[in-house]
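Scroll down for the structure; my scribbles are underneath it.
What follows draws every value from the coordinates through simple rules; no lab data is involved. None of these values were measured; they are calculated from a predicted model. Please note: Cβ atoms are built from the backbone with ideal geometry, for glycine as well, and neighbour counts cover all protein chains shown.
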Amino acid sequence: MISTALHHRDPWQLLVATVISAQTTDENVNLATPELFRRFPTCAALARADPAEVEAIIFSTGFYRQKTKSIIELSRDLDERFEGIVPETIDELVQLRGVGRKTASVVLAEAFDRPAIAVDTHVRRLSNRLGLSTENDPNRIETDLKAVVPPASWSGLSMRLIQYGRDVCVARNPRCGVCELIELCPYPDKTAPLTGRHAG
Ligand code: SF4
């Protein structure tokens, strides 16, 4: 199965890395997290961290103030309410401050091998283009995808759509000429195979 490229050693590290991965590349996150987890090796340690110190470590990942606030708060919630152990249900995960359904789904699928569909910008775009969902809201897209794909394939589908969205069905000028799904895809603005013109 395709899995996340975010380096982590346990569910808590994956939770933190996933929050930091917003609006940046996995490579950028992987450059910052070794120092973060060296300096703050446990959830309890990060829960008591000086925000300025955390900000300096994850500065290069962008939006560092908000991300610092989120990872300290979620660690504090985890420490105080779950004894530092990452819960294994989506309903509990989304109770942690700064953790939405997308982040919770990534952790469920990757850390616990539970069926979950994380709807990020790639999953949303591909679901719309491929006609799997006409919705724009991530929660509704998640519901639509779960209705057409068996649970055993949820996590794999999510990671495959994300990777395909990065490599082939990119946001601007999708590479329809090399796309193996072109015969199935109803997207009206496909790019033509060789000329790059709209094929209609
Ligand atoms: S044919 Fe084009 S728009 Fe459709 S899935 Fe492939 S790359 Fe995306």
Please return the ranges of helices (runs of 4 or more DSSP H) entirely within the stretch 110-193 where 2 or more residues are exposed (fewer than 15 other Cβ atoms within 10 Å of the Cβ), within 16 Å of the ligand (Cβ to nearest atom) and not hydroxyl-bearing (Ser, Thr, Tyr).
154-167
Do any residues in the stretch 130-145 that are touching a residue at least 40 places away in the same chain (Cβ under 8 Å) and under 14 Å from Leu157 (Cβ atoms) have Cβ atoms under 9 Å from those of residues that are more than 16 Å from the ligand (Cβ to nearest atom) and among the hydrophobic types (A, V, I, L, M, F, W, C), where the two are at least six apart or on different chains, and which pairs are they?
Glu142/Ala116; Glu142/Ile117; Glu142/Ala118; Glu142/Val119
Considering residues that are in contact with a helix residue (DSSP H, G or I) (Cβ under 9 Å, 6 or more places away or on another chain), farther than 23 Å from Thr121 by Cα, assigned to a loop (DSSP other than H, G, I, E, B) and of a type outside the set (Lys, Arg), the number found within the stretch 15-70 is 3
Please go through (1) touching a Gly at 6+ places or on another chain (Cβ under 7 Å); (2) farther than 26 Å from Trp12 by Cα for Val94 and return the number of the only condition it doesn't satisfy.
(2)
Is there any pair with a first residue in the stretch 166-185 that is more than 19 Å from Asp120 (Cα to Cα) and a second that is more than 8 Å from the ligand (Cβ to nearest atom) and in a helix (DSSP H, G or I) whose Cβ atoms are under 9 Å apart and which are 6 or more apart or on different chains, and what are they?
Arg175/Asp167
